[in-house]
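I have placed the structure first, in the form of structure tokens, so that the comments after it can refer back to it.
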Amino acid sequence: MRQLFAVCALAAVLYAAKPVDDAKALIKQKKFEEAVTLLDPAYKAKPADAAVKATLVEALMGNADTYMYDDKLPPFRKYPTALRLYRRVVEIDKTNQKAKDNVAMIEGIYKSMGRPVPQ
């Protein structure tokens with residue numbers, strides 16, 4: 001029985017490590033959306049897994065920053081997308097100050113223009 005438990009525990013660790021390792025490789029290649037797509041199921045299955053959570057936040061932040069700072073994208077495209085991604089980061093990691101600051105900045109931009117803040 002102990003051997004079965006040990007095998008199951010090892011399989012669980014390896015299963016969690018695989019998406020994280022693959023996602024980190026994608027993040028290095030700046031393929032943030034692919035990394036998020038890979039990590040979402042792992043995060044939904046184990047939201048308390050620190051490695052999955054941290055890597056997902058890293059991928060989401062990279063993706064959000066890509067939209068936010070892409071000068072080729074028009075504001076009506078980049079700000080709503082970046083805002084949605086930064087909000088998701090805050091949802092997952094309530095202590096992420098950069099994401100909180102960027103949410104506040106984008107919302108402030110919309111409010112200063114008298115436009116509705118995208119949801």
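In whole Hz and in residue order, list the ³J(HN,Hα) couplings for the range 80-96 that follow from phi through the Karplus curve 6.51 cos²θ - 1.76 cosθ + 1.60, θ = phi - 60°; x for Gly and Pro.
So the J values, rounded to whole Hz, are x, 5, 4, 4, 4, 5, 5, 4, 5, 4, 4, 4, 7, 10, 5, 9, 6.
Can you give the helix-only mean residue ellipticity at 222 nm for the chain, where every DSSP H stretch with n ≥ 4 adds -39500 (n - 2.57) and the sum goes over all residues, rounded to the nearest 500 deg cm²/dmol? Mind dumping the intermediate values first?
Details: 5 runs with 94 residues, N = 119.
So the calculated ellipticity at 222 nm is -27000 deg cm²/dmol.
Could you tell me how many degrees, from 0 to 90 and to the nearest 10, lie between the Cα long axis of helix 32-45 and the main elongation axis, the longest principal axis, of the Cα atoms of the chain?
So the inclination is approximately 50 degrees.
Angle check, please: helix 97-112 long axis (alpha carbons) against the longest principal axis of the chain (alpha carbons), in degrees 0 to 90, nearest 10.
Once rounded, one gets 30 degrees.
Could you run the Karplus curve 6.51 cos²θ - 1.76 cosθ + 1.60 with θ = phi - 60° over the range 51-66 and give me ³J(HN,Hα) per residue in whole Hz, x for Gly and Pro?
Calculated HN-Hα couplings, in order: 5, 5, 4, 5, 6, 5, 4, 4, 5, 5, 5, x, 5, 4, 4, 4 Hz.
According to a simple spin-label model (label point 7 Å from Cα along Cα-to-Cβ), what is the distance in nm between residue 92 and residue 107?
It is 2.0 nm.
For the chain, what is the charge dipole size about the Cα centre, in debye to the nearest 20, if Lys and Arg each add +1 at the Cβ and Asp and Glu each add -1 at the Cβ?
Details: 20 positive and 14 negative charges, 34 e Å.
So the dipole magnitude of the chain works out to roughly 160 debye.
Bear in mind that the values in this text are calculations on the coordinates, not laboratory data. Keep in mind it's a predicted model, so treat the numbers as computed, not measured. A quick note on method: Cβ atoms are made from the backbone with ideal geometry, for glycine too, and the neighbour counts reach across all protein chains shown.
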